[in-house]
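The values are calculated or read from the model by the stated rules, or taken from the named source; none is laboratory data. Keep in mind that this is a model prediction, so the values were computed, not measured. As a convention, Cβ positions derive from the backbone with ideal geometry for all residues, glycine included, and neighbour counts pool all protein chains shown. Heads up: the accessible areas ignore ligands, DNA and RNA and are worked out on the full protein's heavy atoms, side chains in. Shrake-Rupley method; radii C 1.70, N 1.55, O 1.52, S 1.80 Å.
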Amino acid sequence: MGKGFFQVPPAVNEPIKSYAPGTPEREEVLQTYKSMYESHLEVPLYIGSKEVKSGNTKPINPPHDHQHEVGVYHNAEKKHVELAIEEALKAKQAWADLPWEQRAAVFLKAADLISGPYRQKLNAATMIGQGKNIFQAEIDSACEIADFLRFNVEYMSQIFEEQPESDSEAWNRVEHRPLEGFVYAITPFNFTAIAGNLPTSAALMGNVTVWKPSDSQIFSANVLMEVFQEAGIPDGVVNMIIGDPEMITNTILAHEEFSGIHFTGSTNVFKGIWSKIGQNIHNYKYYPRIVGETGGKDFIVAHKSAHPKVVSTALARGAFEFQGQKCSAASRAYISKSIWPEVKKLLIEDVESFKIGPPDDMKNFINAVIHEGSFDKLAKYIDQAKQSDEAEIIVGGSYDKSKGWFVNPTVIETTNPKYETMETELFGPVLTVYVYDDDKYEETLDLVDGTSIYALTGSIISTDRYAAALATKKLENCAGNFYINDKCTGAVVGRQPFGGARSSGTNDKAGSKLNLLRWTSPRLIKETFVPATDYRYPFMG
Ligand code: NAD
């Protein structure tokens, strides 16, 4: 029961550490990296109070050295998935009844554990398991996840604070109940922060969850579970299950108590899940909440007024940081003809200067792509571009999987604005550029709008205000996160709530109040102090 109107600590974005030579954080992360790299971890399933080892294990290999094994993980069988649902439902009532400030405290503690004692462990795990350089790890597995946890607590308190009008005769109150049943969280490989946020945002609002991380993010997922346990998230509130995604998902979606999915991943997987939910709809006790953030084919448009160095830098960072494996990564660019020669020269210089290799060598800007499936797909598109009459590789174009999944950052210039790599999400370090005539700016904006099924991020680079305003208007439905004079990546919790529409998702904006509202079921209570005692109204007199 509430015994006060509590104010939560104001959420502040976690400062990004520099990791410059000589800093203590650089030394600490490298030491932690080394010891984790040389150890051998065994990742269990986390079900209720138990760490379950199914005995059916698979290796965990870093993307930059696929023969090295840093651990194994246990794969769930159907009975484990069923047990995880059971444990979640067992934990439900006590968790839902816990006063909100007690729940909030657990997640604030988790944030402090991540920004403090667990910072370098989570960063090192993200570097090793997902192939991120230290800066990419820091902004993800230290800062963004801490931000999600802290800002969500603030948003929850704002949601609770918002109340309907009342008067002296009746008091109207809205309370936010968790959903009945349990919530299923499925997370992608590319952000430790997303992996941590999807189950915890629902749990913060009082829900119990079954969480299925990606097979390619297990190394850092395990550290998240350690943090959650140390923070005091009670057993059964977040259950972590790993294994065959279809079997796990089919088992969960068949359960009558399934009440919501919090998904981030690729578009086709989400569409498949949506249709399975539709097929099962008559089996459920509740209409499930369906929240999914999915793929992107994110763009940068450069107007003729843009400074070439601003454009080339936005492309170099936007397309290639974390090997282009951000849902927001720039993967198609439309550059005005008059500035292209200069942009091209600068971009090639930048790309040729990138150092590529393992993440513990801090000089490396680029690391390996996540797995062989991704490597092979990227190699196929690069080879096709080499053969095509409509495409020319202007820098990069090579790849090597002998030791790790290394794809050299590649820029394709195409004469066909609908060339396959202008439309399809490749999710790797491949950028395709289409050069348009200066006087076809407006038509080019129509082309941007009509070229891909996605609408996640995009940016316009221009020093001409009318051109920027025109793009802002014409590309209104083309991106959920639209940038002016910036790259199209790097959304920060609390500042640029993130998500897209069309085939990019349900646009419920992770890291905002809008998202948390999907995990509550509001109840209105009207209390009348002196109830009516006569059915007749004055007009009847
Ligand atoms: P993915 O779709 O391969 O996997 C995502 C999750 O779905 C994983 O946990 C995976 O195991 C699971 N999965 C795979 N097949 C499944 C199936 N048949 N049934 C149920 N679950 C299944 O995606 P990924 O490679 O991990 O991540 C990259 C994708 O995620 C890209 O498309 C990217 O754009 C998208 N993404 C989007 C956002 C966003 O906010 N819009 C953020 C990050 C990533």
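Points to keep in mind about this one:
Listed here are the residues, each with its yes/no results for (1) within 30 Å of S157 (Cβ to Cβ); (2) in contact (Cβ under 8 Å) with a residue 40 or more places away in the chain; (3) touching an Asp or Glu at 6+ places or on another chain (Cβ under 6 Å).
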residue	(1), (2), (3)
V70	no, yes, no
E87	yes, yes, no
K90	yes, yes, no
D97	yes, no, no
Q102	yes, no, no
V106	yes, yes, no
I114	yes, yes, no
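- Some residue of segment 341-348 being over 26 Å from the mean Cα position of the chain (by Cα), open to solvent by less than 10 Å² (accessible area, probe 1.4 Å) and hydrophobic (A, V, I, L, M, F, W, C): yes
- Residue match in segment 169-178 (condition: touching a Lys or Arg at 6+ places or on another chain (Cβ under 9 Å) and free of Cβ contacts under 8 Å to residues at least 60 places away in the same chain): no
- Annotation: I194 fulfils all but one of (1) within 13 Å of the ligand (Cβ to nearest atom); (2) without any contact (Cβ under 8 Å) to a residue 24 or more places away in the chain; (3) of a type outside the set (G, A, S); the unmet one is (2).
- Filtered by the rule that a residue be open to solvent by 30 Å² or more (accessible area, probe 1.4 Å) and either within 15 Å of the ligand (Cβ to nearest atom) or not assigned by TED's automatic domain parsing to the domain that holds S216 (or both), segment 173-188 gives no residues.
- Residue ranges of strands (runs of 3 or more DSSP E) in segment 14-84 with at least 3 members at positive phi and of a type in the set (D, E, K, R): none
- Scoring P308 on the criteria (1) touching a residue at least 24 places away in the same chain (Cβ under 8 Å); (2) assigned by TED's automatic domain parsing to the domain that holds P199; (3) more than 16 Å from the ligand (Cβ to nearest atom) leaves a single failure, condition (2).
- Scanning segment 442-497 for residues that are charged (D, E, K, R), closer than 30 Å to P15 by Cβ and open to solvent by less than 60 Å² (accessible area, probe 1.4 Å) yields a total of 1.
- Candidates I348, I300, filtered to the one that is more than 16 Å from the ligand (Cβ to nearest atom) and over 25 Å from F482 (Cα atoms): I348
- If you check I277, I273 for being in contact with a Ser or Thr (Cβ under 7 Å, 6 or more places away or on another chain), outside the structural domain of R465 (by TED's automatic domain parsing), in a helix (DSSP H, G or I) and at pLDDT 95 or above, only one passes: I273.
- Taking (1) open to solvent by less than 10 Å² (accessible area, probe 1.4 Å); (2) not assigned by TED's automatic domain parsing to the domain that holds A146 in turn, F228 satisfies each apart from (2).
- Test: residue in segment 58-71 that is of a type in the set (G, A, S), within 24 Å of the chain's Cα centre (by Cα) and surrounded by 17 or more Cβ atoms within 10 Å (Cβ to Cβ): no
- In this structure, G206 does not qualify as surrounded by fewer than 24 Cβ atoms within 10 Å (Cβ to Cβ), within 13 Å of the ligand (Cβ to nearest atom) and either assigned to a loop (DSSP other than H, G, I, E, B) or outside the structural domain of K132 (by TED's automatic domain parsing) (or both).
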